[in-house]
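Each remark here refers to the structure printed beneath this line.
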């Protein structure tokens with residue numbers, strides 16, 4: 001994750017039934033997404049619309065390999 005994805009935040013987490021203390025490190029997810037979307041090196045890899053991929057011209061064998069090739073992506077965008 002690039003440094004421009006906002007600052008790391010640190011919180012301690014403790015539950016009542018144990019003496020253990022857990023350290024949680026996280027970044028603002030909205031800032032992280034904005035950072036990824038604005039990265040020009042990643043832009044050629046970004047996909048915003050579903051695509052049906054087939055093994056050959058007959059289109060008898062559909063290939064499901066990425067989220068954007070799935071049936072649900074097409075259903076959500078209709």
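We did not get these values from a lab; they are worked out from the coordinates using the rules stated. Source: prediction; values computed, not measured. Methodologically, a virtual Cβ is constructed for each residue, glycine included, from the backbone with ideal geometry; neighbour enumeration extends over all protein chains shown.
Below, the figures for the structure above:
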quantity	calculated
Efficiency of FRET between residue 63 and residue 37 - r from beta-carbon atoms, R0 22 angstrom, step 0.05	0.25
Span from the region 1-56 Cα centroid across to the region 57-73 one, whole angstrom	26
For the chain: relative contact order, % (alpha-carbon pairs under 8 angstrom, 6 or more apart)	21
Relative frequency of Cα-Cα separations exceeding 18 Å in the chain, percent	66
Among beta bridges that DSSP assigns inside the chain, antiparallel share in %, nearest 5	100
